[in-house]
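Have a look at the structure below before the remarks.
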């Protein structure tokens, strides 16, 4: 029987590969666990720490996505791309 525990770097790599939706779903599950109030203090702290890491990961994924968003604008009959600034519509 092999050791199935992941190293810290393996866990971090897995978290970075996780989709935004999967990360958010996991975060919601952790919040639900905390809200039920049935965890020990140590379990609550560990769950809270995992939740904070997931929240930061989700926030980073949103920021990265915002940077990638480009808006197609028509200028002089040509379609050009420009950075998304939220006021172009």
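The values are calculated or read from the model by the stated rules, or taken from the named source; none is laboratory data. Being a predicted model, the structure only gives us computed values, none of them experimental. Cβ sites come from the backbone with ideal geometry, for glycine too, and all protein chains shown count toward neighbours.
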*asked:* Condition (residue is modelled with pLDDT under 95 and more than 18 Å from the chain's Cα centre (by Cα)) applied to segment 56-64: is it met by at least one residue?
replied: no
Within segment 40-63, residues touching a residue at least 40 places away in the same chain (Cβ under 8 Å) and surrounded by 15 or more Cβ atoms within 10 Å (Cβ to Cβ) come out as 57, 61
Counting only residues that are in a helix (DSSP H, G or I), modelled with pLDDT of 85 or more and surrounded by 11 or more Cβ atoms within 10 Å (Cβ to Cβ), segment 1-39 contains a total of 13
